[in-house]
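Rule-based calculations on the coordinates, nothing more; no lab input. Keep in mind that what you see is a predicted model, and the values were worked out from it rather than measured. Cβ: placed from backbone, ideal geometry, glycine included. Neighbour counts: every protein chain shown.
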Amino acid sequence: MPTLPPCSYVPQPYTGPTPDEILAMRQAHVNPGIFHYYKKPLTIVEGKGQWLFDETGRRYLDGFGGIVTVSVGHCHPHVNAAANAQNALIQHTTTIYLNPNIALYARDLAAKMPGDLKVVYFVNSGSEANDLALLMARAYTGNYDVVALRNAYHGGSQSTMGLTSHHTWKYNVPGGFGVHHALMPDSYRGPFVGDPDAATKYADDIQNLIQFGTSGRIAAFFAESIQGVGGTIVFPDGYLKKAYAHARAAGGLCVADEVQAGFGRTGTHYWGFETQGVIPDIVTMAKGIGNGCPLAAVVTTPEIAKTLAARIHFNTYGGNPVCTAMGRAVLEVIDQEGLQANSLARGAQLKAGFAKLAEKHTLIGDIRGLGLMLGVELVKDRTTKEPATAECLAVFEKCRELGLLIGKGGLKGNTLRIKPPMCITEADADFLLAVLDEALAGV
């Protein structure tokens, strides 16, 4: 059995309800739509850095970062200190009064953005951010139709559910009016696999969709820089540049969803869209922006931002002093601790390790991702590429048993999602690979 790397941190004794009691209370009082992982639900009561602890004090390596949300490590002392200091002063004012935190953080976040992306609107979640981006695009352009991608996930609100393109995340209720989904630019399963001109051909489907499915004028083109929930789909090089050209030719704004790929996680760049050599008109971000606090943002140009001033627009909690203090601290930690560079190094280590595992385990069909946003797709047969859904679940459960917590995704649930906090070490990555080796061998 692989051995966890040493850790000097000692968790506090847990004295709360038992897992059975917690589960019973959830079943009685929490909406059943709130699901949990694992056949036997796991109780997590404490976290430190890349480590999570259950109620018994058992330690796990967090290979999923709270669904790609814990960017700089659980309970990072600098982020905690920022939150604690602000909590001692004032927790909530709303933006009807001046407070330094929102202004300082907006300035520092805008400094991380390329081009004229310099105006920030703070909200509380990725769904809210994409909802607001959709409103801004429609209001600014005067157009209604929107193009998104198949296999996309942009949120679970009424409007963002329309942008999302998995039936598993969409309720059978009216919604998604004006949203059209273009071909997913998939280099493993798509119609242009192995085609050197795949980027152009996938992007041309956007032009085709605009010509045959809309009035010829659109409000926006939405795309995650790397599709996350859909199984870590990395677009062919040059795809977004061509896709953006088609969207802009039809009057649309280009919206980059950086909810999962942003803040240095790709390793080579601070923002995922930069790996494609483009500058969007609007960028949405959440998850890793606050290391776990409810914080998200929409960043755009001054010209587009003015659109919201035409009416009254307000977000009660958006930009509150505590969350913006934490967000600013996250930016500082990423820079001070070199976490973007660490994402690049650890990501390269993991991808090389996955490639070696693929030589031993034919269950591995594809390895993809950038930095510490990685996916390993499992298939029953490498020729037919039949999804190995049951086998993926078995590997997922075995990893938990061995002390590693990861995610899984893709429409068929056959892709392992490996997206840990960006502070993981070389020894942690070795442990992760050893666990996956043993888990794959047991299937």
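Using alpha-carbon positions, what is the distance between the centroids of the range 319-354 and the range 194-220, in Å? So the separation of the two Cα centres works out to 34 Å. Here the gap between N315 and A352, fully extended at 0.36 nm per residue and compared with their Cα-Cα distance, gives a gain of 8.9 nm. Between G262 and G272, the built amide H atoms are under 5 Å apart, and every one of these is 5 or more places off in sequence or on another chain. Calculated translational diffusion coefficient of the range 79-336 (37 °C, 0.692 mPa s; Stokes-Einstein with Kirkwood radius over alpha-carbon pairs) equals 176 µm²/s. A simple spin-label model places pseudo-atoms 7 Å from Cα toward Cβ; at A345 and D204 they are separated by 4.4 nm. Distant-in-sequence amide contacts of K380, defined by a placed amide H-H separation under 5 Å and a gap of 5 or more residues or a different chain, comprise E386, A388. Each Lys and Arg contributes +1 and each Asp and Glu -1, all at the Cβ; summed about the Cα centre of the range 310-414, the dipole is approximately 200 debye. Counting only DSSP H runs of at least 4 residues, each contributing -39500 (n - 2.57), and dividing by the residue count of the chain, the helix-based mean residue ellipticity at 222 nm comes to -11000 deg cm²/dmol. Taking Lys and Arg as +1 and Asp and Glu as -1, the other residues whose beta-carbon sits under 12 Å from that of G73 total -2.
Counting neighbouring beta carbons within 10 Å and listing from fewest to most, the residues V123, V45, V146 come out as V45, V123, V146.
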